[in-house]
Amino acid sequence: MEQELIFLDRNEFNYSPSEEVIQALKDFDIKKLCFYTRIYDEGKKSIFSVFLSELYGVDESQVLLGYGGEDILKQSVHYFLTQADGNKTMLIPKFSWWYYKSIADEVEGRTLQYPLYEAGNTFKYDIAAIKEMVENERPKILLLASPNNPTGNGLTPEELDELLSFVPKETIVLIDEAYASFVTEDNSYISKLVNKYDNLIISRTLSKFYGLPGLRMGFGFISKGLEKFIRYSNKYLGYNRLSEDIAIAALKSDAHYREVARMMNESRKMYEEEIGALPGFKVYDSVANFILIKYPIELKPALQAAFAEENYKVKFMNEPDINTHLRITLGRPEQNRIVADTIKRIARQ
Ligand SMILES: Cc1ncc(COP(=O)(O)O)c(C=O)c1O
């Protein structure tokens, strides 16, 4: 029998959905799919945006919905890089998700990278360098990712506030928080920041912490001042009604997903202790559902062969200056055990 492939390469979810999510699917009234939502009669976009508005304490009109975080990001980048002012510049982190540049390229945008520096076992944002680049380049969009993929580091609410305080109003600050629920349960900074600044968009998703990448549900929070973009983004006839119900059930079952995150943290420690101790290896601190490992590049072919033999897919990074690195999704403990043992076996050959 052919062995099942284990995917630890795209930060997906190898655990079970919560009971509430399973129940929501079972209880879903199929007749709902025969009609558009009527919630727009009340001037709202979705039962999910209403739910998010209450949960995050942000006005419903400032909640964005999209087909995954990718859609919120794409809508934002396409909209703001094609304005009449002709400003097509977007700043992105040096090591980051390839998709940011790709969506800017789709509208002939100009992407510039600001540095991230390595300090001990972590990467850090260089706030002074970002400030200087913002002053020199006057970008249309400053994109921040917190936590960042693949480096795993993020910005604190205080650092975000500091950054926003020096960015001119004409520059949109777009924060990709796809992995932010792993960092803290306290989301109170979101309403403070979107109501304090006029140029902020925060993008989140059900795909990572809530483990539902196949649901394609993303959401965002946006400053009041960006009304035109809110109108552009809103869907007049509503959103996927099945996805709305499942998304609400997922956000209501935080405890289940906190427990999964706790188990992932145990595995993270295991990787730090066991792989971090191998000569030539380095495990970076991260606050997400993946870890980044630097390995001796001469081991690459042997590692690739060993993972292929185990039927495990992990991500061998190829990007400049971060190409002797592996990004591995935190799977179930027994999967993480196999990954660690595979690396150890090759490292000791
Ligand atoms: C940094 C980052 N942002 C956003 C996403 C978007 O995920 P989704 O479109 O599934 O919400 C991903 C997915 O891997 C990601 O790594």
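Values as computed for the structure displayed
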{"item": "Close pairs (7 angstrom Cβ cut-off, 6 or more residues apart or separate chains): free of Cβ contacts under 8 Å to residues at least 40 places away in the same chain in region 45-72, open to solvent by 10 Å² or more (accessible area, probe 1.4 Å) and of a type in the set (Asp, Glu) anywhere", "result": "VAL50/GLU60; SER53/ASP59; SER53/GLU60"}
{"item": "Residues (within 25 Å of TYR117 (Cβ to Cβ), out of contact with any Gly (no Cβ under 8 Å at 6 or more places or on another chain) and either of a type in the set (Val, Ile, Thr) or assigned to a helix (DSSP H, G or I) (or both)) located in region 270-292", "result": "TYR271, GLU272, ILE275"}
{"item": "Odd one out for ILE103, checked against (1) more than 16 Å from the ligand (Cβ to nearest atom); (2) without any contact (Cβ under 8 Å) to a residue 60 or more places away in the chain; (3) assigned to a helix (DSSP H, G or I)", "result": "(1)"}
{"item": "Flag for ILE230 being part of a helix (DSSP H, G or I) and within 16 Å of the ligand (Cβ to nearest atom)", "result": "no"}
{"item": "Check on GLN23, in contact (Cβ under 8 Å) with a residue 24 or more places away in the chain, part of a loop (DSSP other than H, G, I, E, B) and assigned by TED's automatic domain parsing to the domain that holds ASN234", "result": "no"}
{"item": "Pair list, Cβ < 6 Å and 6+ apart or interchain, from region 302-321 residues that are closer than 23 Å to PHE13 by Cα and in a strand (DSSP E or B) to residues that are of a type in the set (A, V, I, L, M, F, W, C) and open to solvent by 60 Å² or more (accessible area, probe 1.4 Å)", "result": "LYS313/PHE7"}
{"item": "Filtered residues of region 28-60 (kept if in a helix (DSSP H, G or I), touching a helix residue (DSSP H, G or I) at 6+ places or on another chain (Cβ under 8 Å) and acidic (Asp, Glu))", "result": "GLU60"}
{"item": "Any hit, region 2-24, residues being open to solvent by 20 Å² or more (accessible area, probe 1.4 Å), of a type in the set (Phe, Trp, Tyr) and touching a Leu at 6+ places or on another chain (Cβ under 9 Å)", "result": "yes"}
{"item": "Of residues in region 156-196 being part of a loop (DSSP other than H, G, I, E, B) and either more than 22 Å from GLU227 (Cα to Cα) or not assigned by TED's automatic domain parsing to the domain that holds TYR56 (or both), the one most open to solvent (accessible area, probe 1.4 Å)", "result": "GLU185"}
{"item": "Single residue of SER243, SER203 found to be assigned to a strand (DSSP E or B) and open to solvent by less than 30 Å² (accessible area, probe 1.4 Å)", "result": "SER203"}
{"item": "Hits in region 65-93 (condition: within 14 Å of the ligand (Cβ to nearest atom) and either open to solvent by 40 Å² or more (accessible area, probe 1.4 Å) or assigned to a helix (DSSP H, G or I) (or both))", "result": "TYR67, GLY69, GLU70, ASP71, ILE72, LEU73, LYS74, GLN75, SER76, VAL77"}
{"item": "Candidates ARG332, ARG241, filtered to the one that is in contact with a Leu (Cβ under 8 Å, 6 or more places away or on another chain) and in contact (Cβ under 8 Å) with a residue 12 or more places away in the chain", "result": "ARG241"}
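The values are calculated or read from the model by the stated rules, or taken from the named source; none is laboratory data. None of these values were measured; they are calculated from a predicted model. Quick reminder, even Gly has a Cβ in these numbers, built from the backbone with ideal geometry, and neighbours come from all protein chains shown. Note: accessible area is taken over every heavy atom of the protein model, side chains too, but ligands, DNA and RNA are not part of it. Shrake-Rupley method; radii C 1.70, N 1.55, O 1.52, S 1.80 Å.
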